[in-house]
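The values are calculated or read from the model by the stated rules, or taken from the named source; none is laboratory data. Since we're looking at a predicted model, the values are computed, not measured. Reconstructed Cβ throughout: ideal geometry from the backbone, glycine too, with neighbour counts over all protein chains shown. Heads up: the accessible areas ignore ligands, DNA and RNA and are worked out on the full protein's heavy atoms, side chains in. Shrake-Rupley method; radii C 1.70, N 1.55, O 1.52, S 1.80 Å.
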Amino acid sequence: MSRASGALTAEDLDVRRTGDGPPVLLVHGSVAGPERTWRRQLELGSHWALIMPSRPGFGASPPLPRGDFEAEAPLMAELLGEGAHLVGHSYGAVIALYAAALRPDRVRSLTVSEPGCLRVASEDPRVAAQVANGERLYAHAGELGPLQFLLAFRSGVGSSNETPPELSGELLAGARLLMRERPPWEADPPLRALREAAFPKLVISGGHSPVFEAVCDAVASGLDARRTIIAGRGHTIPATGPPYNACLHSFLTHCELSNKGAHPEA
């Protein structure tokens, strides 16, 4: 079904492709689009074919009525094509978890960094308190301007991105999208189904927050995934550049070597 008939498809999305090698689909999170989120990963294009879509509402991608990890997952699943490594950060990591479950036969590997699916670790009182704080923030979104909302949100997640005293351009647009986005802590990703899928999994945290450490531990346990910490930029893990790139390149290379022939060539 095309956009003309009322449904958004992967073909409607603004997608940047660069590099050469096995395909890697990179899914960005909230507020910042792919250009900012993955700007330090472009050097990986010397070994990998990078696929960097703008989520609905970002860049030239048409918006959905509301950003929603479940509604966006089928779009990312389409972009896996005949097979790709799937990488997601923050809200994009939640989308990636759902997308991988939709097309496990097309996932070469799955890497997520600090997914916002906090309820997977809600038995931890620190995580429960974070969810309660987030729910209060969204309950009062109508009383806040985009700058106030963004500052409160970034403080809560531990983002290391600087927020200027006035918002404009893409940052203002991203903040407005954030304010009406479905909160990621509502997610209940299909960890059991993903655990049973054959592809390798990696979960990364930033070593800055006991809340995200607990969430990443729970996700890694549920997936039976590799688990690592890349510190230095708080929640904004891809912005570490070389450490993140080295970790991802090593993991993807290992996956290619160990699973050679297990997936169709893209």
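Restricting to the stretch 166-179, name every residue that is within 12 Å of residue 145 (Cβ to Cβ) and either out of contact with any helix residue (DSSP H, G or I) (no Cβ under 6 Å at 6 or more places or on another chain) or assigned to a helix (DSSP H, G or I) (or both).
166, 172, 175, 176, 179
Scan the stretch 191-211 for residues that are open to solvent by 40 Å² or more (accessible area, probe 1.4 Å), assigned to a loop (DSSP other than H, G, I, E, B) and either of a type in the set (D, E, K, R) or within 21 Å of residue 122 (Cβ to Cβ) (or both) and jot them down.
Across the stretch 191-211, the qualifying residue is only 208.
Determine which member of the set 214, 239 is open to solvent by 10 Å² or more (accessible area, probe 1.4 Å) and aliphatic (A, V, I, L, M).
That would be 214, the only listed residue that is open to solvent by 10 Å² or more (accessible area, probe 1.4 Å) and aliphatic (A, V, I, L, M).
Tell me, yes or no, whether the stretch 86-96 has at least one residue that is out of contact with any Lys or Arg (no Cβ under 9 Å at 6 or more places or on another chain), open to solvent by 20 Å² or more (accessible area, probe 1.4 Å), closer than 27 Å to residue 245 by Cβ and touching a residue at least 24 places away in the same chain (Cβ under 8 Å).
Taking every residue of the stretch 86-96 in turn, at least one turns out to be out of contact with any Lys or Arg (no Cβ under 9 Å at 6 or more places or on another chain), open to solvent by 20 Å² or more (accessible area, probe 1.4 Å), closer than 27 Å to residue 245 by Cβ and touching a residue at least 24 places away in the same chain (Cβ under 8 Å).
Go over the candidates 211, 157 one by one and state the one that is under 24 Å from residue 137 (Cα atoms) and out of contact with any Lys or Arg (no Cβ under 9 Å at 6 or more places or on another chain).
157
Quick check: is even one residue across the stretch 43-51 closer than 23 Å to residue 260 by Cα, among the hydroxyl-bearing types (Ser, Thr, Tyr) and out of contact with any helix residue (DSSP H, G or I) (no Cβ under 7 Å at 6 or more places or on another chain)?
Scanning the stretch 43-51 turns up at least one residue that is closer than 23 Å to residue 260 by Cα, among the hydroxyl-bearing types (Ser, Thr, Tyr) and out of contact with any helix residue (DSSP H, G or I) (no Cβ under 7 Å at 6 or more places or on another chain).
Working carefully through the options 78, 72, find the one that is surrounded by fewer than 23 Cβ atoms within 10 Å (Cβ to Cβ) and either more than 23 Å from residue 172 (Cα to Cα) or without any contact (Cβ under 8 Å) to a residue 60 or more places away in the chain (or both).
78
Residues of the stretch 118-132 being in a helix (DSSP H, G or I) and surrounded by 12 or more Cβ atoms within 10 Å (Cβ to Cβ), which ones?
Scanning the stretch 118-132 gives 118, 119, 120, 121, 126, 127, 128, 130, 131.
Could you list, in sequence order, the residues of the stretch 153-170 that are surrounded by 15 or more Cβ atoms within 10 Å (Cβ to Cβ) and over 18 Å from the mean Cα position of the chain (by Cα)?
163, 167, 170
Condition check: closer than 25 Å to residue 206 by Cα, open to solvent by 30 Å² or more (accessible area, probe 1.4 Å) and assigned to a loop (DSSP other than H, G, I, E, B). Does residue 115 satisfy that?
It is false that residue 115 is closer than 25 Å to residue 206 by Cα, open to solvent by 30 Å² or more (accessible area, probe 1.4 Å) and assigned to a loop (DSSP other than H, G, I, E, B).
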